[in-house]
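Colleague: Starting off with a structure, shown below.
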Amino acid sequence: MKHMMKAMVLAVTVMAGYGQEHYARFRVDFPFQVGKTLMPAGEYRIQAESAGRHWLRITSVNNGPAAVLSLPVHDTARASDDKRQVEFRCEGDLCVVARVVNLQAGYISSLPKSKSSNSRLVTALLTKRSTKTE
């Protein structure tokens, strides 16, 4: 009986950890593109998909568009690092998500560096605060 209880506790702990979602919010005052989806300026929720660290879902908190982004983990950061942000690479009027730092503590997901000298980097901080719409 004692072994059965330990097994049940372990199973519940594993399932709770598996179902955990890593998410945060950010706000931008410019439109950006995720794949073929144009995301207008506004407030967004970003979370790691349960399939792994490579897939991120970006959803408007105001019933706007949602899209899934494949952004491989290219580096690690200190898990205690306070810097949590989304970085956008902008060329002209087009901005794309280039890097996500510490959405999941200790990981930096990013696209390969741009070879274009015309691109600029724009940063949005990630927060955990909830809004009235969530």
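The values are calculated or read from the model by the stated rules, or taken from the named source; none is laboratory data. As the structure is a prediction and not an experimental result, all values here were calculated from the model.
Colleague: With the requirement that a residue be at pLDDT 85 or above and of a type in the set (A, V, I, L, M, F, W, C), what does segment 76-98 give you?
Modeller: Within segment 76-98, VAL86, PHE88, CYS90, LEU94, CYS95, VAL96, VAL97, ALA98 meet the criteria.
Colleague: Report yes if some residue within segment 40-49 is at pLDDT below 90 and basic (Lys, Arg); otherwise report no.
Modeller: No, there is no match, as no residue in segment 40-49 is at pLDDT below 90 and basic (Lys, Arg).
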